[in-house]
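Data first, discussion second: the structure below is written as structure tokens.
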């Protein structure tokens, strides 16, 4: 346990340490910085959209750049590092090992984030976080696009290194007396999400290589003018980034599994169904990627297959909700700040999931696709479920890390404000 | 752990799966209905480019930014793009399909009432994407015959 | 008692909803050209009906849970795990 405020250490000792708690702290601080930066962009975007026409942001290109960097920042520089922070801090403690399996690799994975973030922010690309070829190949301006590619490339490597580290730590370094079924659900969530990362990320890494050589004009994988097919990029991209959403949401659910039993004063209703649902989610996450592409002119059969694959994710998610409700049942619930965030997160998880079912139902997708419905659905997941679980866990972790208590009343107010904002979203 | 029965969870999962089966079959059925293109549908070639829409009717008439169709006929759009991805959308008629260069996507609709509707691009395509609009003008069937 | 309730729930999903579906679907047969607006918006409203019903049940359950099992509720009793201090 690091009681930083009671026994202060010089900052460089924390920065250049390879101990898992210090790396976890660095991840945490980085992710919170980017939460504020990405959030500032969101405020600017929403302020601009308050009235039709252009008021605050001078031209549409600046606006396009802002929502691109907003998306990239909050997904890759806030949510992923936050999950890594919690994982770094708690996975070794939960499997009762002295550190991560590869401490230096761990520190390297963290130190890849600042340069990648610098590339993304200094470039300020404009092609949305999806990078949308052939637009991004033939007409996206300047070095911004190339800087985005390299930024994402570095972040991909960082994620893969982190995932390897988690998997090895959990499988190989757990205490010999601890069976797989006894591993806490938070650690299980990191195991399953790391497995998803290992399978999914290389696809996007390959797509980025093709994409970059297309931009150089060397190849034409995604450039129809050279005989390529932009839909191929869509497949490669979503094969990585649909599972990536589960990479984000699974640790957040794991964090709720820590918070809810603690404040309900009861153990988790069913540990094994939680594990089962995690494993199931990680598998079905790969069966649904092309539901992002109904509108690209897919055949009826393809659409049917991916609709079924998408709906298959619902029972597993519903099992988690059941587990939470059954854990709270007959408890004596203390509504401290983390519990309020977690319960709010469950409610929003349901709304997000219900919206997802509508998106997956083929004909309705043609009404919701590329519209604010999808924006709302996605934000209910990332801001509603994932950020609520994460921020709740941040309050849960705060006394543990610092040895001090936060101002409970102030945080309750912030939670209520954010919950009502999500309703408005 | 383990001092409770598991059947409420099984019933709950059964209910969730039944609901999903219902959603899936309903959606499948509706999609089957709307995807069935009538044999006598008139072809309109739709081309998106930065940042306007052009249309070509079966008889060779070309239009830019405006599309004139007649009530009571079925139209089949063959949608493609000249440069980057666009998405052809007539929101009021729930017509939406991507315009992808090097690829022809088809969708059909049959206008029911006289009126004017917006056509818009619904896939980010660059600087003036926000203003890549057109007009769908639905006319009486007997004006030309 | 509880099992009967559960059974009814399953039956409702398995029997009543498909029956209702047939009633709804009877109007879907196209005369002339099919109006895709009608098909799609119909589907949307039916799904929204189900979604809001399920949502009401889920959020109602959660609100009741939070109300009934809060520690300040008059009937709140310590859980069996609290006495052992381990959970």
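The values are calculated or read from the model by the stated rules, or taken from the named source; none is laboratory data. Predicted, not measured: the structure shown is a model, and the values here were computed from it. Here the Cβ is made from the backbone with ideal geometry for all residues, glycine too, and neighbour counts use every protein chain on show.
Taken over segment B:27-42, residues that are in contact with a helix residue (DSSP H, G or I) (Cβ under 9 Å, 6 or more places away or on another chain) and over 17 Å from residue A:309 (Cβ atoms) amount to 6. Restricting attention to segment A:304-316, and to residues there that are facing another protein chain (nearest Cβ under 9 Å) and surrounded by fewer than 23 Cβ atoms within 10 Å (Cβ to Cβ), which single residue is farthest from the chain's Cα centre (by Cα)? Restricting to residues being facing another protein chain (nearest Cβ under 9 Å) and surrounded by fewer than 23 Cβ atoms within 10 Å (Cβ to Cβ), the top hit is A:304. Here residue A:148 clears all of (1) assigned to a loop (DSSP other than H, G, I, E, B); (2) within 19 Å of the chain's Cα centre (by Cα) except the condition numbered (1). If the condition is being within 30 Å of the chain's Cα centre (by Cα), facing chain A (nearest Cβ under 9 Å) and surrounded by fewer than 17 Cβ atoms within 10 Å (Cβ to Cβ), then segment B:1-28 contributes B:17, B:21. Apart from one condition, residue A:204 fits all of (1) closer than 30 Å to residue B:125 by Cβ; (2) over 17 Å from the mean Cα position of the chain (by Cα); the exception is (2).
From the list A:367, A:411, A:421, exactly one residue is modelled with pLDDT under 85, assigned to a helix (DSSP H, G or I) and touching a strand residue (DSSP E or B) at 6+ places or on another chain (Cβ under 8 Å). Which is it?
Numbers: A:411 fails: touching a strand residue (DSSP E or B) at 6+ places or on another chain (Cβ under 8 Å); A:421 fails: touching a strand residue (DSSP E or B) at 6+ places or on another chain (Cβ under 8 Å).
After applying the criteria, what remains is A:367.
Listed by position, the strands (runs of 3 or more DSSP E) enclosed by segment B:64-129 that each have at least 2 residues that are over 16 Å from residue B:41 (Cα atoms) and facing chain A (nearest Cβ under 9 Å) are B:86-90, B:95-99.
Within segment A:317-338, the set of residues being touching a strand residue (DSSP E or B) at 6+ places or on another chain (Cβ under 7 Å) and buried (at least 23 other Cβ atoms within 10 Å of the Cβ) comprises just one member, A:333.
Quick one: would you say residue A:190 is buried (at least 18 other Cβ atoms within 10 Å of the Cβ), at negative phi and at pLDDT below 95? When the stated conditions are applied, residue A:190 does not pass them.
For segment A:230-266, filtering for residues that are part of a loop (DSSP other than H, G, I, E, B) and under 18 Å from residue A:205 (Cα atoms) leaves 0.
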